[in-house]
Amino acid sequence: MDNRPIGVFDSGLGGLTAVKELQRLLPGEDIVYFGDTARVPYGSRSRETILKYARQDVRFLLGFGIKAVLVACGTVSAAALPELTEEFSVPMAGIILPAVRRAAVATRTGRVGLIATQASVRARGFERAMRSVRPEVTLYSDACPLLVPLAENGRVGRDDPVTRLVLEESLAPMRGRDVDTLILGCTHYPLLAEAIGAALPGVTLVDSGAEAAHFISAAREWDRAAPDREGRTRYYVSDNAEGFARISGLFLGRPIGHSVGLVDIETIL
C-alpha cells in the first residue's frame, strides 16, 4: 500500500474534470492539483514554452512526494508528454491515448472528430495515437481556441447566447463531415458537453479527462492507498485563488470547501 498522493496538473481549471472522476474511482487516494491560472491557456503557446511550463508544473508536484502524475492537459499531452516521461521517473499519463481508445471503440462509422487547442491539433498526437489503435478510422481535427475562455468564465449553459454563438462557429466544420463520435480533446471542454451535444445531436462525446482518470486508476505502475482511508484533495493555482475556488464547483459538481494555495510557479526551476 502506498498513501502518497497522485499529482494532477492543467493550464487552468479544466483538469478538475479529471479530478472529479479520480475522486469517484479512487476515493481513498490523496490528490494534489495544480492549475496554472496565471498562464492559461497553453494552447496558443509555442512548443518550447509549453514544455517549459510543463516541467515547472511537474517539479512543483514532485515536492509533495507524489507517486504518479496525471497530465490533465490536452496541449501538454500532445506537445510535451514524451519529453516529460523521459525526464521524470514518476509514472505519468496524459489524456490522448485513453481518449483515442474510447473513441475507437465508440465509433460505428469510422469517422471521428477531435476538437482541441491549436497546439494540440498542431502536434498531431491524437492522429498518431489513432493510427496505432485503429488505423482505418478517419480522424478530423479542429482547433477551438474560444472554448477554454468560455469554460474558465463559467459560460457553459446550452442556452447561453454567447456560448451558442461560439459553438455555432467553432463546430461548423465538423457538421459537414458526418462524424458519429467527437473527442473533447481539452479537459475544459466536458463542461460544455451539454451545449456541444445540442449543437451536434446524435454524436457520441468522449470526455478525455474522465478517460484519463480511468486509465490511471487501472495503471499497475504504482500501488494503491490503504483501502480503509478517506482521500484528501489539495488545490493550488498560480493566480486568482479566489476566482478558482468560486468557479471550480462547476467542474467538480460541488464546492471545494477549503482554501486554495497560491504558488509563484515561475520560481520553480
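Here are the numbers for the structure shown:
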{"quantity": "Single condition residue 30 does not satisfy, out of (1) over 26 Å from residue 86 (Cβ atoms); (2) in contact with a helix residue (DSSP H, G or I) (Cβ under 7 Å, 6 or more places away or on another chain)", "calculated": "(2)"}
{"quantity": "Selection from the range 175-188 of residues that are at pLDDT below 95 and in contact with a helix residue (DSSP H, G or I) (Cβ under 9 Å, 6 or more places away or on another chain)", "calculated": "175, 186, 187, 188"}
{"quantity": "Condition met for residue 20 (more than 26 Å from residue 254 (Cα to Cα) and of a type in the set (Lys, Arg))", "calculated": "no"}
{"quantity": "Flag for residue 231 being open to solvent by less than 80 Å² (accessible area, probe 1.4 Å), closer than 24 Å to residue 99 by Cβ and either in a loop (DSSP other than H, G, I, E, B) or at pLDDT 95 or above (or both)", "calculated": "no"}
{"quantity": "Whichever residue in the range 168-215 is in a loop (DSSP other than H, G, I, E, B) and among the β-branched types (Val, Ile, Thr) and, among such residues, is surrounded by the fewest Cβ atoms within 10 Å (Cβ to Cβ)", "calculated": "203"}
{"quantity": "Matching residues, the range 234-258, being at pLDDT below 90, part of a loop (DSSP other than H, G, I, E, B) and open to solvent by 40 Å² or more (accessible area, probe 1.4 Å)", "calculated": "253, 254, 255, 257, 258"}
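The values are calculated or read from the model by the stated rules, or taken from the named source; none is laboratory data. Because the structure is a prediction, the values reported are computed rather than measured. Every residue, glycine as well, gets a Cβ built from its backbone with ideal geometry; the counts of neighbours run over all protein chains shown. For accessibility, only protein heavy atoms count, side chains too; no ligands or nucleic acids. Shrake-Rupley method; radii C 1.70, N 1.55, O 1.52, S 1.80 Å.
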